[in-house]
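Structure first, then comments.
No value in this document is a laboratory result; all are computed from the given coordinates. In this text the structure is predicted, and so the values were computed from the model without any measurement. So basically every Cβ, Gly included, is an ideal-geometry build from the backbone, and we count neighbours across all protein chains shown.
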Amino acid sequence: MRSILYALITVVGWGAWLAPSQKVRFPNQQIRTLYVAATNLGIAAVIALAQGSVWELAPATFGLTFLGGLIWAAGGLSAFTGTHRLGMAKAFGIWAPLNIVVGLIWGAVLFQEFVDLSAGTFLLLVAAILTILAGVLLIIFAKGAGEGAQEPGAFRLGLAGAIGAGILWGSYFLPVKYAGVSPWAGAFPLALGMAAGGVTLALLSRHSWRLASSGDYLRAILTGALWSVGNYGMLLLVGAIGAGKGFTISQLSVVVSALIGIYGLREPPPKTRAARLIFAGCVLATVGGIVLGNLK
């Protein structure tokens, strides 16, 4: 039951995090990332003070989990490059499946997950993963069907950025898992690394950090808070059921995001062909996630 709760927290938090600031005009995506990282650090600091175990971490462990935050920020830079050169749908269509594949590989290689499976269980595992991937890709490409082609040079740079985001964002949580610390203790140095990387990216962008109104600041903070809740849920889920299964299930947040887009923001409007395709992708990804979550 705890695993189901962690999964729900993750997919709802990460699925809904962009909605509050959908209409906020950030100077660029690096500044949006800065607000997310800063809010996440504030929440992690409060939890660390209340929970206390973070102060018991050895310096090497603290530094290892801090590195995870820098990996997350580097993934953000790669994602910005990919979306700028390829468009959101194509870049997301590359890095989201890669997140899943990379998480599964790390789970198998670093933590010996998915070993000694029976033939039937292995086939169910493969079927579940392929179903999730098919659903995620259907959601993404149905949303971005109107995006145009790119010049070869821009495409190669964008492709490299999207692949980098897939590898880095599929790996940033690993130092917490590998260090063997609790998610509550590891989340604070992880958040410090994210904030350090976020500030660096914002400075390199040379854009103002200011927003248009006090309401925009509140919406930006709410966006960061939802992402932070999803991140805690993901860390707890990975700790409970493993890196491969846990991180894969966390990517079902795209289902919640897609449904909010259709029925909340009407992007695309309900009853359109794109909306029907997205809904079909949501069903596929959810079915695959349920099968994966119930594999022993």
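Odds and ends about this structure:
- Over all distinct Cα-Cα pairs of segment 145-296, the Kirkwood formula returns a hydrodynamic radius of 18.6 Å.
- Gain upon complete extension [Leu130, Val283; 0.36 nm per residue less C-alpha separation]: 53.7 nm
- Here Lys296, Lys23, Lys177 are placed in order of increasing Cβ neighbour count within 10 Å, fewest first, which gives Lys296, Lys23, Lys177.
- Helix runs (DSSP H) in the chain reaching 18 Å along axis by Cα, Kyte-Doolittle at least 0.0: 2-16, 29-51, 59-86, 88-111, 119-143, 152-169, 183-205, 214-241, 273-293
- The distance from the alpha carbon centre of segment 65-119 to that of segment 242-288 is 18 Å, rounded to a whole number.
- Segment 2-293: Lys pairs at Cα distance under 24 angstrom, eight or more positions apart or on different chains: 7
- Segment 2-293, Cα convex hull volume normalised per residue, Å³: 135
- Spin-label model distance (nm) - Phe155 vs Met88, 7 Å beyond Cα toward Cβ: 2.3
- Per DSSP, loop chymotrypsin sites (Phe, Trp or Tyr not before Pro) in segment 189-246 with at most 15 further Cβ within 10 Å: Trp209
- Rounded FRET efficiency, nearest 0.05, which uses the C-beta distance separating Ala119 from Val46 and R0 of 45 Å: 0.40
- Low-density loop positions, trypsin sites (Lys or Arg not before Pro), segment 231-283 - DSSP coil, at most 10 other Cβ in 10 Å: Lys271
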